Amino acid sequence: MQPKVAYFSAEFGLDESLPIYSGGLGILAGDHVKAANDLGLPLVGVGVLYRRGYFQQRIHGDGSQEALYPQIDPAQLPVQAVVDGTGQPLYVAVPFGNRIVNLRVWQANAGRVPIYLMDADNDRNTDHDRRLTDRLYGGDQETRIAHEIILGIGGVRVLRAIGFEPDVWHMNEGHVAFLALERIREYSAQGVAFETALEAVKASTVFTTHTPVPAGHDQFSFELMDRYLGDYFWQLGADRDKILGLGRYNDKFNMTRLAVQTSAKVNGVSKLHAAVTKELFHKWSPDIPTQDVPVDAVTNGVHTATWLSPELRELYNQHLVYNWERHVADPLTWVKLEGIPDEQIWEAHQAAKQRMTDRLSLPNLQAVLTIGFARRFATYKRAYLLFQDLDRLERIVNHPDHPVAFVFAGKAHPADHPGQELIRRIAEVSQMEAFKGRVLLVENYDMNIGRHLVQGVDVWLNTPVKPMEASGTSGIKAALNGVPNCSVLDGWWDEGYNGENGWAIEGKTAGGRGYQDWIDGETLYRLLETEIAPLYYRRGEGQVPHEWVTMMKNSIRTITPEFSTARMVSDYWNKAYVPVAKRGARFTANHLQVAQRVGAYKQFVRNAWDRVYIQDIHLLPHAEGTLVQARVRLGKIWHADVRVEGVGSDGQGGIWKQELRPVTEYTKGEYLYEGVYGNRIEVWRQNNANVRVVPVSPDFCNDYELELTCWGTHWR
Ligand SMILES: *Cc1c(COP(=O)(O)O)cnc(C)c1O
């Protein structure tokens, strides 16, 4: 089965000419659809055509940032209007409170993969509504909910109008999660009950969460939800409470919560990020231990061909296997890299560097170790880390034998004042006499500038507060261009760093922010002074730094395959799209038979769960460890429909689990459960051990999807 996938995203970074992305999330989406095209997957993208896009940045002499929003004309963009069956422009309508907003549909292409983009700037709408889709992340909560209604509800309607029938619906971040409501509404309109519709929708949905920062998750007040969607709720076949319940958290409607509750698979974008996400979601259902919260990891990658310099591409064409671009994700493809003479790698890099300085109007840096730092100037990215000790930095940049230059670029969201303050500080330092020509600031960071930087600098620097960088991808773009990373071991770099392909800053997580900044800054200064600069300037014959080139080669060879979107999209295919497509098909076959059964069964379990009770727990010495006994009352629930297990702390931050079996039925629905845990539990650890009951079913997408757990409370 070749599942058809609809990939919904609020941003797509396809090309610098189409400014409908702000940063990492959009670039990732763009690279995802490009990789899907390379792999020949039947995937389509769904997004918004923002008529003024994300802002263009000007930085004034005093370092202040100006945000410009030039109007973009679809006629000048690589998009075409989608037409309906009669050749007329295609429109879809979405509900906004008691009015309707009409959306035109455009198509951009990543090869053969179409990306459908909606916008409201057409004469069927009022002047006010025409401005709705002007700016990406440009407004208040009202604009935000409007964009999300357009994305989620409008997006489903576009696919229906076009006749694309997805087997899998991929939510790229919670912004797009209203798509689940619209799909429930569709079923409801066909007379399907809410619980059944919810199961059918959930069975075929995949959700990728992207931010470890709690404040980064969209939430709307119930008042706003009512105002925008009050007239829509009743069309979903359930009452308002039930629908708001799908996203309810802390008396707000949380889009991430909605996405989790309407998806069969949830993943974070690196291993570390998945672990942090488990902690975050644990707060929503405290009965589920963090370790058990069902969040997978699919680590981000980048689209190699998009980010690779032409010079290196030429070298790879000559030296790697024929058609290497089709086998990027295979580590064997990169073995032959060793055979490329150091001189040639070095020359290719120097040429890319020259191009960077030419295009970005930078001074000549050919002979100077140049370090790049480019990203959104959110404060957790800590662009200021380097400036903590200006005297020391001055000695580093003006070292008589090993001078160092830094190139900074990045936008701060117009509402992010601390972020703009950072830009001002960098501008200020760059104008100090001691740092002239050594600390450089490039304005208007976008895909084009990003590409020049990741290809042209010598080292890529990233200094986030661990673990706030969910993945990061710019360092991967640098690595595949032979630009080693010097970064905090966060996000992808925590997986990518191997001791020989760049430099690591531990990233303190204990202590206060001030202490973390100081100690991570110390590490950074020390690495620059004692390792990075000396290695770069250690030259052999013909001025080629052979040891440095070894580092470049290690970086390319170890990082390019593993952190490619070719590997990433294959992972999504195998771990998410194929199983979820099968699940969706199974749930909807025979008029949604399985969805109906599972929906009804869950209701039964929810209603009967109140009566589940654990009466006594005994931990007894046993020849093979510890005998765990519990008296469990299940009431109406059959013993085969639950899992009973001993669970305890292993004393090292993890948990142990031991499944227990029913050995005696005392009275109807009341059992003695037993199991032998293969370790002794010291007395002092016994109050860290407990017994729990969870409902299980082969039809559940995981053991915790009902978020029902009964823990023991009685002790002996
Ligand atoms: C790759 C890229 C990003 C994301 O990079 P991070 O590592 O997350 O900072 C942001 N903006 C642009 C223009 C990019 O090319």
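The values are calculated or read from the model by the stated rules, or taken from the named source; none is laboratory data. If you're wondering where the values come from, they're calculated on a predicted model, not measured in any experiment. With ideal geometry, Cβ positions are generated from the backbone for all residues, glycine too; neighbour counts draw on all protein chains shown. Calculation scope for accessible area: heavy atoms of the full protein, side chains included, ligands and nucleic acids excluded. Shrake-Rupley method; radii C 1.70, N 1.55, O 1.52, S 1.80 Å.
So PRO363 passes all but one of these: (1) touching a Leu at 6+ places or on another chain (Cβ under 7 Å); (2) open to solvent by 20 Å² or more (accessible area, probe 1.4 Å). Which condition number does it fail?
Of (1) touching a Leu at 6+ places or on another chain (Cβ under 7 Å); (2) open to solvent by 20 Å² or more (accessible area, probe 1.4 Å), only one is false for PRO363: (1).
Has the stretch 400-411 got at least one residue that is away from the ligand (no atom under 16 Å from the Cβ), surrounded by fewer than 16 Cβ atoms within 10 Å (Cβ to Cβ) and more than 28 Å from LEU18 (Cα to Cα)?
Checking the stretch 400-411: at least one residue is away from the ligand (no atom under 16 Å from the Cβ), surrounded by fewer than 16 Cβ atoms within 10 Å (Cβ to Cβ) and more than 28 Å from LEU18 (Cα to Cα).
Only one residue in VAL176, VAL213 is buried (at least 24 other Cβ atoms within 10 Å of the Cβ) and closer than 26 Å to ALA297 by Cα. Which one?
Of VAL176, VAL213, the one residue that is buried (at least 24 other Cβ atoms within 10 Å of the Cβ) and closer than 26 Å to ALA297 by Cα is VAL176.
State whether one or more residues within the stretch 509-530 are touching a Pro at 6+ places or on another chain (Cβ under 9 Å), assigned to a helix (DSSP H, G or I) and surrounded by 20 or more Cβ atoms within 10 Å (Cβ to Cβ).
No: zero hits.
So the check is Cβ under 9 Å with 6+ separation or different chains; which pairs have a first residue in the stretch 579-593 that's assigned to a helix (DSSP H, G or I) and a second one that's of a type in the set (Phe, Trp, Tyr)?
Close Cβ pairs satisfying both conditions: VAL580/TRP169; GLY584/TRP169; LEU592/TYR187; GLN593/PHE587.
List, please: which pairs have Cβ atoms under 6 Å, are six or more places apart or on different chains, and start with a residue in the stretch 425-443 that is more than 12 Å from ILE59 (Cα to Cα) and end with one that is acidic (Asp, Glu)?
ALA434/GLU394
Filter the stretch 497-523 down to the residues that are hydrophobic (A, V, I, L, M, F, W, C) and touching a Lys or Arg at 6+ places or on another chain (Cβ under 8 Å) and list them by number.
Once the filter is applied, which keeps residues that are hydrophobic (A, V, I, L, M, F, W, C) and touching a Lys or Arg at 6+ places or on another chain (Cβ under 8 Å), the stretch 497-523 yields only ILE519.
So, of the residues in the stretch 351-360 that are open to solvent by 30 Å² or more (accessible area, probe 1.4 Å) and out of contact with any helix residue (DSSP H, G or I) (no Cβ under 6 Å at 6 or more places or on another chain), which turns out to be nearest to LEU535 (Cα to Cα)?
GLN354
Matching residues to (1) more than 16 Å from the ligand (Cβ to nearest atom); (2) open to solvent by 10 Å² or more (accessible area, probe 1.4 Å); (3) not aromatic (Phe, Trp, Tyr):
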{"position": "ALA6", "(1), (2), (3)": "yes, no, yes"}
{"position": "GLY13", "(1), (2), (3)": "no, no, yes"}
{"position": "LEU18", "(1), (2), (3)": "no, no, yes"}
{"position": "TYR21", "(1), (2), (3)": "no, yes, no"}
{"position": "PRO42", "(1), (2), (3)": "yes, yes, yes"}
{"position": "GLY45", "(1), (2), (3)": "yes, no, yes"}
{"position": "HIS60", "(1), (2), (3)": "yes, yes, yes"}
{"position": "ILE72", "(1), (2), (3)": "yes, yes, yes"}
{"position": "GLN80", "(1), (2), (3)": "yes, yes, yes"}
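Quick check: anything in the stretch 296-315 within 16 Å of the ligand (Cβ to nearest atom), hydrophobic (A, V, I, L, M, F, W, C) and open to solvent by 30 Å² or more (accessible area, probe 1.4 Å)?
Yes, the conditions are met somewhere in the stretch 296-315.
Residues of the stretch 425-462 being within 12 Å of the ligand (Cβ to nearest atom) and polar (S, T, N, Q), which ones? Give the derivation first.
Going through the stretch 425-462, the residues within 12 Å of the ligand (Cβ to nearest atom) turn out to be 442, 444-455, 460-462.
Selection gives ASN444, ASN448, GLN455, ASN462.
As an exercise: evaluate GLY482 against (1) within 17 Å of VAL302 (Cα to Cα); (2) within 13 Å of the ligand (Cβ to nearest atom) and give the number of the one condition it does not meet.
Looking at each condition in turn, GLY482 falls short on (2).
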